[in-house]
Amino acid sequence: MNNPGGAGDRAARERVEASVITPLAPGDAAIFETFVNARYLRHFGDLLLEMLSPPATPGDAVVAHLGCRTGYPERLVVERLGPTRLVGTDPSLSALELARAKAAAIPDFSADYRLFEGFPSPLPDASFTHALVLHPPGRAASRLHFVKDAARVLMPGGQLILGLPLRGSFVELADLLREYAVKYDQRSVQDAVDQAVALRPSPESLGEELEALGFVDVDVDFRAVSVPFQNGRDFLEDPTTRLLLLPEWQSNLGLDDAMIRTAFHYVRDAIDRYWAEGGFELSLHVGCARGFRG
């Protein structure tokens, strides 16, 4: 007899979550490395490194990097942990190839990058001293799958570092989408924005999530920064928006492509109206959580 909500259903849900993680296209991996890491993900990398604890014995660090994209912040990880072995996973072959090329030039760093095709990731159980998840790709809810996978691969006492945008991020975008919804009587857009905003965790709720998944000594830190853009067109065409933020927003909003295009064209024009005298800045609450596998 089938078991509703059993292992088969859980596996199916995880395949669905994996299916909304959009791989970087071959032409985009280098753009992501050059622009997105340096302009946007560095905010998360800086905070992540502040919370990363070196092993008691130099050389003992074995790191799992889940959703690694092009490998960032691998150089900083080695600076913090010392000689490091790392296994990374990502659904983009192009991103993995770039990560491998970069890793070969880093002293005291041994890296193995593997293709991600769904949860669980292709990493062995209870084998890593550290697990990194930096700005998990896909829907906001997919972070739970990444955290569960991190718990699986960590040794007892192993450290998880999770960096992601917290609630309060991108408020300007949410307000402009709500304005569009009111102006054109699009209640579905209003509801989608409200639901997407609620998907982002607060520091308190993020800590509670990790504790509920079995992590102990959980600590969550955050800082408020802003990401500048010259105008509405720059906002929509910037590699950070195009390759990282927009795919995530589209997944979380759950609207069809035509509605997304129309709504974001409105956002572009509204930015040019309201910020005509100066550049547009997008608010970002950079969050980082640390916990240890119990």
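What number goes with the only condition from (1) in contact (Cβ under 8 Å) with a residue 24 or more places away in the chain; (2) closer than 22 Å to T241 by Cβ that F116 does not pass? Checking F116 against (1) in contact (Cβ under 8 Å) with a residue 24 or more places away in the chain; (2) closer than 22 Å to T241 by Cβ, the one that fails is (2).
I'd like to know if segment 219-226 contains one or more residues that are under 25 Å from L41 (Cα atoms), in contact with a strand residue (DSSP E or B) (Cβ under 8 Å, 6 or more places away or on another chain), in a helix (DSSP H, G or I) and among the small types (G, A, S). Quick ask: steps written out before the conclusion?
Kept after step one, since they are under 25 Å from L41 (Cα atoms), are these residues of segment 219-226: 219-226.
Restricting the remaining residues to those that are in contact with a strand residue (DSSP E or B) (Cβ under 8 Å, 6 or more places away or on another chain) gives 219-226.
Add one more test, that the residue is in a helix (DSSP H, G or I), and what stays is none.
No, segment 219-226 has no match at all.
Taking segment 64-93 as the range and being surrounded by 24 or more Cβ atoms within 10 Å (Cβ to Cβ), of a type outside the set (G, A, S), within 18 Å of the chain's Cα centre (by Cα) and not in a helix (DSSP H, G or I) as the test, the residues that pass are H65, L66, C68, R69, T70, D90.
For the structure I just gave you, tell me whether A111 is of a type in the set (G, A, S), touching a residue at least 24 places away in the same chain (Cβ under 8 Å) and under 18 Å from L52 (Cα atoms).
Judged against the criteria, A111 is not a match.
Going residue by residue through segment 205-227, is there one that turns out to be in contact with a Phe, Trp or Tyr (Cβ under 9 Å, 6 or more places away or on another chain), under 27 Å from G59 (Cβ atoms) and either crowded, with 20+ Cβ neighbours inside 10 Å or basic (K, R) (or both)? Checking segment 205-227: at least one residue is in contact with a Phe, Trp or Tyr (Cβ under 9 Å, 6 or more places away or on another chain), under 27 Å from G59 (Cβ atoms) and either crowded, with 20+ Cβ neighbours inside 10 Å or basic (K, R) (or both). Suppose the filter is at pLDDT 95 or above and out of contact with any strand residue (DSSP E or B) (no Cβ under 8 Å at 6 or more places or on another chain); does A181 pass it? Spelling it out, A181 is indeed at pLDDT 95 or above and out of contact with any strand residue (DSSP E or B) (no Cβ under 8 Å at 6 or more places or on another chain). Among residues of segment 94-137 being of a type in the set (S, T, Y) and crowded, with 20+ Cβ neighbours inside 10 Å, the one that is farthest from the chain's Cα centre (by Cα) is T129. In the set (1) surrounded by 15 or more Cβ atoms within 10 Å (Cβ to Cβ); (2) of a type outside the set (A, V, I, L, M, F, W, C); (3) modelled with pLDDT under 95, the condition left unmet by Q195 is number (1). One residue alone among G158, G168 is among the small types (G, A, S) and touching a Ser or Thr at 6+ places or on another chain (Cβ under 6 Å), and that residue is G158. Please determine whether any residue of segment 164-171 is out of contact with any helix residue (DSSP H, G or I) (no Cβ under 7 Å at 6 or more places or on another chain), surrounded by fewer than 15 Cβ atoms within 10 Å (Cβ to Cβ) and either in a strand (DSSP E or B) or not polar (S, T, N, Q) (or both). Yes, some residue in segment 164-171 is out of contact with any helix residue (DSSP H, G or I) (no Cβ under 7 Å at 6 or more places or on another chain), surrounded by fewer than 15 Cβ atoms within 10 Å (Cβ to Cβ) and either in a strand (DSSP E or B) or not polar (S, T, N, Q) (or both). The set of residues in segment 112-129 being assigned to a strand (DSSP E or B) and out of contact with any Lys or Arg (no Cβ under 7 Å at 6 or more places or on another chain) consists of D112, R114, L115, F128, T129.
The values are calculated or read from the model by the stated rules, or taken from the named source; none is laboratory data. Because the structure is a prediction, the values reported are computed rather than measured. FYI the Cβ positions are ideal-geometry reconstructions off the backbone, even for glycines, and counts take in every protein chain you see.
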